[in-house]
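The values are calculated or read from the model by the stated rules, or taken from the named source; none is laboratory data. For clarity, every value in this text was computed on a predicted model and none was experimentally measured. Every residue, glycine among them, receives a Cβ derived from its backbone with ideal geometry; neighbour counts consider all protein chains shown.
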Amino acid sequence: MADQCLFCRIASGEIPAKIVAEDATCIAIRDVNPQAPVHVLVIPRAHVASLNEVTSPALMADVLQMAREVAKQEGIAASGYRVVFNTNSDGGQSVIHLHAHVLGGRHMGWPPG
Ligand code: AMP
């Protein structure tokens, strides 16, 4: 499964992406279909299908730490941003590999669509 996974293949470098940050645990890339002026995906290198399958709190800490760093790097930390984990069908998850969307650069409406 993991060898077929789009985000595993991006994290390994097999499929190119616009990388904005990376470390031993995670990679952050620009979304190909941005929904805001800043739209970055933070992806753990290890294959975890969704938030439901996470077993390591440390993994979530790493993902959120990179999300926060990306927001600072992109200049949206002070103006504000949204971090979203779409999960399974009703959550709108289309790539079955855990990822955080970091969205900013415009005002975010509530409730989300
Ligand atoms: P989700 O729908 O929450 O699973 O989010 C998956 C996201 O991945 C979508 O916002 C897509 O636009 C994005 N995406 C799909 N393929 C790629 C790719 N090759 N590089 C960057 N982002 C992608």
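Annotations for the structure displayed:
- Each residue in the range 94-113 was checked for being of a type outside the set (V, I, T), over 15 Å from V54 (Cα atoms) and either assigned to a loop (DSSP other than H, G, I, E, B) or at pLDDT below 95 (or both), and 10 of them qualify.
- In the range 42-52, residue surrounded by the fewest Cβ atoms within 10 Å (Cβ to Cβ) [restricted to those that are under 11 Å from the mean Cα position of the chain (by Cα) and either within 11 Å of the ligand (Cβ to nearest atom) or closer than 21 Å to G75 by Cα (or both)]: I43
- Matching option when the condition is within 11 Å of the ligand (Cβ to nearest atom), aliphatic (A, V, I, L, M) and touching a residue at least 12 places away in the same chain (Cβ under 8 Å), among L6, L59: L6
- Count of the range 13-44 residues, restricted to those that are free of Cβ contacts under 8 Å to residues at least 24 places away in the same chain and of a type outside the set (D, E), is 13.
- The set of residues in the range 70-113 being over 14 Å from the mean Cα position of the chain (by Cα) and of a type in the set (F, W, Y) consists of W110 alone.
- Residue that is touching a helix residue (DSSP H, G or I) at 6+ places or on another chain (Cβ under 7 Å) and polar (S, T, N, Q), where the choices are S79, S89, S50, S12: S50
- Of all residues in the range 42-69, those satisfying the criterion of being outside any helix (DSSP H, G or I) and of a type outside the set (D, E, K, R) are V42, I43, P44, A46, H47, V48, A49, S50, V54, T55, S56.
- Looking across the range 19-41, the residues that are more than 10 Å from the ligand (Cβ to nearest atom) and part of a strand (DSSP E or B) come down to I19, V20, A21, E22, C26, I27, A28, V38.
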